[in-house]
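K.L.:
Structure in structure tokens, see below.
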């Protein structure tokens with residue numbers, strides 16, 4: 001901005017400019033030479049134009065002075081005669097733009113917003129689960145060779161446990177640009193065994209997810225996921241543990257992909273029609289399985305979460321799920337989701353003598369699922385069948401054996417109560433088959449009934465309590481028989 005516009009009031013500037021115009025008019029009138037009518041008309045038009053421009057300048061200066069003091073007034077471009085009277089100034093930090101059709105006056109355009117660097121687009125979130133576990137009655141301990149009451153999902157279910165961190169997740173995610181996004185999730189509640197004669201170390205860090213989503217199209221209905229991510233098999237396997245009602249996944253479905261993740265490439269597609277239904281359910285507070293696509297197909301190493309690939313084969317997995325609105329049946333707002341998944345894999349389980357099995361074993365499955373979202377009552381069920389590795393005591397070897405199992409869960413969604421929203425639920429699960437995620441792929445024989453409540457005390461705090469009646473074979477091929485008992489568990493989850 002010029003010296004005049006910064007140090008003079010609008011009135012002084014106006015008088016100065018008008019004086020300049022008057023002087024010009026006077027000089028025109030005192031010219032000795034006679035002028036024609038056309039010359040007089042042009043002179044009058046030129047004077048009128050200058051007056052209009054000066055009025056515009058005065059108005060702009062008055063507007064700039066009335067702005068808050070913290071905001072610097074916009075730079076003005078003034079006519080050449082006035083600029084000649086101003087003191088020279090340093091060049092402005094941003095050049096003023098000149099509107100088309102008015103070269104003598106323009107307000108400086110606001111600078112274009114600077115695009116954010118990729119690291120400024122990332123956000124940090126996460127959740128923590130703290131549990132209290134207690135075997136109320138039953139086989140909390142047993143002699144050597146006999147199964148104890150244990151869970152493959154919760155190591156705190158044992159004779160000596162009290163409090164534990166089940167999950168401590170931090171997520172870094174964001175869009176690097178319009179076509180690539182990043183997702184990174186470590187877990188700070190993992191455990192490392194064999195530190196000192198089998199003693200465990202809690203609170204270690206384990207990589208859960210590290211992938212990039214590539215969106216070839218602008219509507220983002222189709223994505224290609226590169227890196228370590230969830231294997232698209234099983235509805236509850238895909239659902240986040242921060243969003244699931246039951247504290248842990250079931251043995252039958254999770255045995256297909258222990259840890260739920262592997263390293264590979266997945267393609268997901270979600271039609272806009274399906275996404276609209278899921279968005280409506282999410283707004284209603286329903287517990288969805290996450291945006292993993294109505295259709296997904298993946299190629300993975302096949303050895304499991306954070307395990308080194310041991311053969312030249314790959315795991316192929318496909319998932320399809322579709323929500324149906326039931327308004328036409330008189331069930332306004334209700335949604336029934338149906339789908340299935342298929343897996344084809346070859347795996348070499350870890351063996352007790354060290355390393356992995358010398359030969360790959362077939363690991364093929366097919367599963368189905370159905371979810372009637374609770375509004376306010378609902379039901380959820382999954383079942384799968386297949387062939388997988390299993391240790392056979394009679395032969396002392398890991399062999400390919402049939403497997404089957406699943407679960408049925410009934411639940412309700414109560415939005416209004418004196419203690420806030422809560423979800424009562426009951427789940428029964430069953431499984432007969434090997435568990436490839438443990439050493440020597442031991443056989444599991446699981447039957448369990450669990451009753452529970454989830455209370456949403458605050459958007460940042462959830463409290464879940466469950467009581468279960470379990471009959472389980474311990475995931476150790478050296479221990480035989482069934483362990484039975486009752487288990488109480490209470491979990492606090494805080495979200496951030």
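Quick note: the coordinates plus some simple rules give every number you see, no bench work behind them. Keep in mind the model is a prediction, meaning the values are calculated, not measured. In this analysis, Cβ positions are derived from the backbone assuming ideal geometry, glycine residues included, and neighbour counts consider all displayed protein chains.
K.L.:
Rounded, prolate or oblate: pick one for the stretch 312-352, where a ≥ b ≥ c are the square roots of the eigenvalues of its C-alpha gyration tensor, a/c under 1.5 means rounded, and failing that, prolate if a/b is larger than b/c, else oblate.
P.N.:
prolate
K.L.:
What does the C-alpha gyration tensor say about the overall shape of the stretch 419-496? Classify as rounded when a/c is under 1.5, otherwise prolate if a/b is larger than b/c, or oblate.
P.N.:
prolate
K.L.:
How high is the relative contact order of the stretch 127-495, in percent, with contacts defined as C-alpha pairs under 8 Å that are six or more residues apart?
P.N.:
Once divided by the residue count of the stretch 127-495, the mean separation gives 16 percent.
K.L.:
Can you tell me, using C-alpha contacts under 8 Å and at least 6 residues apart, the relative contact order of the stretch 206-249 as a whole percent?
P.N.:
Values: 39 pairs, mean separation 12.6, N = 44.
Computed value for the stretch 206-249: 29 percent relative contact order.
K.L.:
Got a sec? How would 150, 167 order by Cβ neighbour count within 10 Å, fewest to most? If you can, show how the numbers build up before the last one.
P.N.:
Numbers: 150 22, 167 19.
Sorted ascending by nearby Cβ count, the order is 167, 150.
K.L.:
Of 373, 269, how do they rank once you tally other Cβ atoms within 10 Å and put the fewest first?
P.N.:
Ordered from fewest to most neighbouring Cβ atoms within 10 Å, 373, 269 come out as 269, 373.
K.L.:
For the stretch 379-470, what relative contact order do you get, as a whole percent, if you take Cα pairs closer than 8 Å and at least 6 residues apart?
P.N.:
Reported relative contact order: 24 percent.
K.L.:
Then there's this: Please state the shape class of the stretch 137-230: rounded when a/c is under 1.5, otherwise prolate if a/b exceeds b/c and oblate if not, all from the C-alpha gyration tensor.
P.N.:
Here the stretch 137-230 falls in the prolate category.
K.L.:
Separate question: Most exposed first by the Cβ proxy, i.e. fewest other Cβ within 10 Å, how do 472, 432 rank?
P.N.:
Fewest-to-most Cβ neighbours within 10 Å comes out as 432, 472.
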